Amino acid sequence: MLFLFLFIPFEQVEAQYPFSKITEIEEENLALKATVLIRDHQGFLWIGTSTGIFKYNSTISENITAGLKDKPYITALFEDGTGTIWAGCKNGQVLKVRNKQVSVFNPGEGLPKVDITSIVEDSKKRLWFATAGEGIYCYDNIHVYRLTTKDGLSDDYVNCLYTTDGHQIIAGTDGGLSFITFDQGKKKH
């Protein structure tokens, strides 16, 4: 054992210490409030803030929403199976980011006017948007459906969404957990 300790370079021993790095993102000399973080399939860190979305590559941060007229307050981020980043905003707006191009998601049925709190995708490639007061919205690439307490949801204030198998959505609400399946137009809670 003594032989091993004498001949192991100290550089290898230093690699065992934890590493952390403080990175400050500033926009127009104002410190931003980070509200949500995700890591995409390529390992980039996406930071939702009180004034937009930043993509961080471990050395520099890039303001993805810099070209937008209004600075969106980001409350939820999600990367779907195609690599598109979906961002929910405090005002109910949803943004799509694909190849650094930001567009506003504007389905014909409309979207909520309250905070988007969580976004998740199921096995049928439907997107689920949780809201702070208007229940859950489900987008099936054609239509937007809304699920509320009238449909059996435990509360319209939905804090988070999760799926274990892609078939059932678990919604964490102010009234408890709701287990949701939505097949062939039929909603089950």
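Derivation of every value follows stated rules applied to the coordinates shown; laboratory data play no part. What you see is a predicted model, and the numbers here were worked out from it, not measured in a lab.
Computed on alpha carbon atoms, what radius of gyration and Dmax characterise the range 30-189, expressed in Å?
Here Rg and the maximum Cα pair distance are 15.4, 49 Å.
Would you compute, for the Cα atoms of the range 34-106, the largest minus smallest coordinate along each principal axis and list the three values in descending order, in whole Å?
Projected onto its principal axes, the Cα set of the range 34-106 covers 29, 24, 20 Å.
Starting at the first residue of the range 144-149, write each ³J(HN,Hα) from the Karplus equation 6.51 cos²θ - 1.76 cosθ + 1.60 with θ = phi - 60°, in whole Hz, x for Gly and Pro.
Per-residue couplings from phi come out as 10, 10, 10, 10, 9, 4 Hz.
List the pairs from Lys55/Lys100; Lys69/Lys90; Lys33/Lys71; Lys71/Lys113; Lys71/Lys96; Lys90/Lys125 whose alpha-carbon separation is above 21 Å, in the order I gave them.
Lys90/Lys125
Over the range 110-189, what number does the Rg to Rh ratio reach, with both radii from the alpha-carbon atoms and Rh per Kirkwood?
0.91
Give the long-range amide H neighbours of Val144: residues separated by 5 or more places, or on another chain, with amide H under 5 Å away, using H modelled in the peptide plane at 1.01 Å from N.
Glu109
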